[in-house]
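Trainee: My questions all concern the structure below.
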Amino acid sequence: MPVTPVSSRNRVLYLVALLLACVCVAGGVLAYLERGERADARAEQERYGAVLASARTEATALVNIDYRDPQAAIDAITAGATGEFKEQLDQGAGPLTEILEQGQATRSGKVVWAGVVAVDADSARVIVATEGTVTSTGTDQSRAENFRMQLDLERVDGDWLTSKLEFIK
């Protein structure tokens, strides 16, 4: 069989088909890369959210203590602690309980602002602002008590726990 020459029309169709195939491959690669970037961004947002939630929970536990059940407050604080901070809490639980019971003090408050300063896969630093009141039955007067705290958190078995806490001015 004789080979027929390729017409210019067929060459154009071949080039158009080749160009469309290249565009499809490039589009597929770009879509794949975009999907990966979105997954990374979603994971980072989830990490930020988990870090903030843990820091807020720990700060809330710290500013809500009642002399009538100091162990519940200590347990709530300790539940979100690890490392050096947890050791300090364990050592200070007895004296804290005595002070609360002697002064019949109740502290109630809330977190009004929290922001992540730094975060990576295993650690984070968060600044937290709280506002609240302290009431002592000896005086029956409430006074405002606002704190600013820096919490260092570590990821332990999938949970973000406070390893260090500093009050800041």
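Coordinate-derived values only; no laboratory data. Treat the numbers as computed from the prediction; the structure is a model and nothing was measured. For neighbour counting, all protein chains shown are included, and Cβ atoms are generated from backbone atoms with ideal geometry for every residue, glycine included.
Trainee: Suppose each label sits 7 Å from its Cα in the direction of the beta carbon; what would the I168-A21 distance come out to in nanometres?
Mentor: Result for the modelled spin labels: 5.9 nm.
Trainee: Take every DSSP beta bridge with both residues inside the chain and express the antiparallel ones as a percent of the total, to the nearest 5. Let's see the in-between values first.
Mentor: Working: 36 of 37 bridges.
Expressed as a percentage, antiparallel bridges in the chain total about 95.
Trainee: Now for a different question. Does the stretch 78-158 come out rounded, prolate or oblate, given a ≥ b ≥ c as the square roots of the eigenvalues of its C-alpha gyration tensor, rounded meaning a/c under 1.5 and, failing that, prolate meaning a/b above b/c? Can you show the working numbers first?
Mentor: Details: a/c = 3.89, a/b = 1.57, b/c = 2.48.
Oblate, because a/c is 1.5 or more while a/b does not exceed b/c.
Trainee: Given just the C-alpha atoms of the chain, how large is their convex hull per residue in cubic angstrom? Walk me through the numbers on the way to the answer.
Mentor: Details: hull volume 27.9 nm³, N = 169.
Output value, Cα hull per residue: 165 Å³.
Trainee: Tell me the relative contact order for the stretch 52-168 as a rounded percent, counting alpha carbon contacts under 8 Å between residues six or more apart.
Mentor: RCO, the stretch 52-168: 26 percent.
Trainee: Quick one: net charge around E131, please, counting Lys, Arg +1 and Asp, Glu -1 for every other residue with C-beta under 13 Å from its C-beta.
Mentor: Numbers: positive: R107, K110, R143, R148; negative: E145.
Spelling it out: positives minus negatives among the neighbours equals +3.
Trainee: Counting other beta carbons within 10 Å of each Cβ, put W160, W113 in order, fewest first.
Mentor: Working: W160 26, W113 11.
So the ranking, lowest neighbour count to highest, is W113, W160.
Trainee: Just to confirm a number: summing +1 for Lys and Arg and -1 for Asp and Glu over residues other than V156 whose beta-carbon lies under 12 angstrom from that of V156, what do you get?
Mentor: Details: positive: K86, R155; negative: D122, E154, D157, D159.
Result for the neighbourhood of V156: -2.
Trainee: What is the local net charge at D66, summed over the other residues whose Cβ is closer than 14 Å to its Cβ (Lys, Arg +1; Asp, Glu -1)?
Mentor: Numbers: positive: R68, R107; negative: D69, D75, E101.
Net of charged neighbours comes to -1.
Trainee: Please report the spacing between the Cα centers of the stretch 28-49 and the stretch 108-149 in Å, no decimals.
Mentor: If we compute the Cα centre of each part, the gap is 33 Å.
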